[in-house]
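Trainee: Just dropping this structure here.
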């Protein structure tokens, strides 16, 4: 099966767009077997790549029937979204759950969705210390009506809101790191922000070994005509997208590991986003965008249960983005509870 996907570039990332996208053809191939290793199968040697982590982030993707360009409301039809895994028709299920960047090629059979959906992700309740860490690799991402210089109107404000909901409604403590890793000497500087964030987050995790869940909150960048909004309990709510990195990239016609970006937790990362996606589809049909699969690792390597989440885009309002924290918290507590 071949998936044809049109990419719309993040408006902050035009150079990367020119370097290799446009009309993209995704073709299934035998890759990603390390998710669930087959012990009887010999591992093939591949050339290891040494690639710099991309800091300029996520592409907005134009889905089939221009789904992402539509404002979804209760008065309009809600897109069909899977709330469980159809083992008998994995290609159809994967096509409704995932989008793949042009440099990632994954065989349907190698996604192992049946294993991912059954992986146990509950968090132990053996301490009253925080079990969740919230942070922002790109702290300066904000929204259409954000007040300049007001961090409460940026993704940091989303972290504040999520932490508050988790504690007041679900009695779950979290740490919220408000580090500005995309600011250097007072100026926006995205290059190297994942490295800077990783260095400090590792220190926080070392000081708080009881933390089991790590959430990196972003917002996407899209063309100004795109509005990512859905009604949740009569509240206009920014749509949500999870992102996974596989630390492999299609090079010379085959997937090759990126040797300087290791992640021992890819399988659990994938299980986490998949179970979150299915639970959200069940509770809030139409809220979720498809899970985006990219070649790099981003901030997903420091704990098994790591999540990179995009809350709306620059065309959403602050209120719409903050409204998304209620369903995100509900789904999160269901999956890890």
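Trainee: Can you spot a residue in the stretch 149-164 that is part of a loop (DSSP other than H, G, I, E, B), more than 18 Å from the chain's Cα centre (by Cα) and in contact (Cβ under 8 Å) with a residue 12 or more places away in the chain?
Mentor: Within the stretch 149-164, the subset part of a loop (DSSP other than H, G, I, E, B) is 149-150.
This time we only want the ones that are more than 18 Å from the chain's Cα centre (by Cα), so: 149-150.
Next, from what is left, pick out any that are in contact (Cβ under 8 Å) with a residue 12 or more places away in the chain: none.
No, the stretch 149-164 contains no residue that is part of a loop (DSSP other than H, G, I, E, B), more than 18 Å from the chain's Cα centre (by Cα) and in contact (Cβ under 8 Å) with a residue 12 or more places away in the chain.
Trainee: If you don't mind, there's one more thing I want to ask. Does residue 267 satisfy the criteria of being in contact with a strand residue (DSSP E or B) (Cβ under 6 Å, 6 or more places away or on another chain) and either under 27 Å from residue 114 (Cβ atoms) or buried (at least 18 other Cβ atoms within 10 Å of the Cβ) (or both)?
Mentor: no
Trainee: If you don't mind, there's one more thing I want to ask. Name the residue, out of 83, 122, 108, that is in contact (Cβ under 8 Å) with a residue 40 or more places away in the chain, surrounded by fewer than 11 Cβ atoms within 10 Å (Cβ to Cβ) and touching a helix residue (DSSP H, G or I) at 6+ places or on another chain (Cβ under 7 Å).
Mentor: 122
Trainee: Please give the number of the condition residue 214 fails out of (1) part of a helix (DSSP H, G or I); (2) closer than 23 Å to residue 130 by Cβ.
Mentor: (1)
Trainee: Sticking with this one: Looking at 292, 328, can you tell me which residue is in contact with a helix residue (DSSP H, G or I) (Cβ under 7 Å, 6 or more places away or on another chain) and buried (at least 19 other Cβ atoms within 10 Å of the Cβ)?
Mentor: Only one candidate qualifies: 328.
Trainee: Go through the stretch 179-212 residue by residue and tally those that are under 20 Å from the mean Cα position of the chain (by Cα), surrounded by 16 or more Cβ atoms within 10 Å (Cβ to Cβ) and in contact (Cβ under 8 Å) with a residue 40 or more places away in the chain.
Mentor: 12
Trainee: Taking the stretch 148-158, which residues are in contact with a helix residue (DSSP H, G or I) (Cβ under 9 Å, 6 or more places away or on another chain) and surrounded by 19 or more Cβ atoms within 10 Å (Cβ to Cβ)?
Mentor: 153, 154, 155, 157, 158
Trainee: Does the stretch 251-259 include one or more residues that are touching a helix residue (DSSP H, G or I) at 6+ places or on another chain (Cβ under 7 Å), surrounded by 21 or more Cβ atoms within 10 Å (Cβ to Cβ), on the phi < 0 side of the Ramachandran plot and in contact (Cβ under 8 Å) with a residue 40 or more places away in the chain?
Mentor: Within the stretch 251-259, not a single residue is touching a helix residue (DSSP H, G or I) at 6+ places or on another chain (Cβ under 7 Å), surrounded by 21 or more Cβ atoms within 10 Å (Cβ to Cβ), on the phi < 0 side of the Ramachandran plot and in contact (Cβ under 8 Å) with a residue 40 or more places away in the chain.
Trainee: Continuing with this model, one more query. Which of the helices (runs of 4 or more DSSP H) contained wholly in the stretch 226-337 include at least 3 residues that are closer than 16 Å to residue 100 by Cβ?
Mentor: 266-283
Taken together, the values in this text are just the output of simple stated rules run on the coordinates, not laboratory data. All values derive from a computational prediction rather than experimental measurement. Glycine gets a Cβ as well: all are built from the backbone with ideal geometry, and neighbour counts include every protein chain shown.
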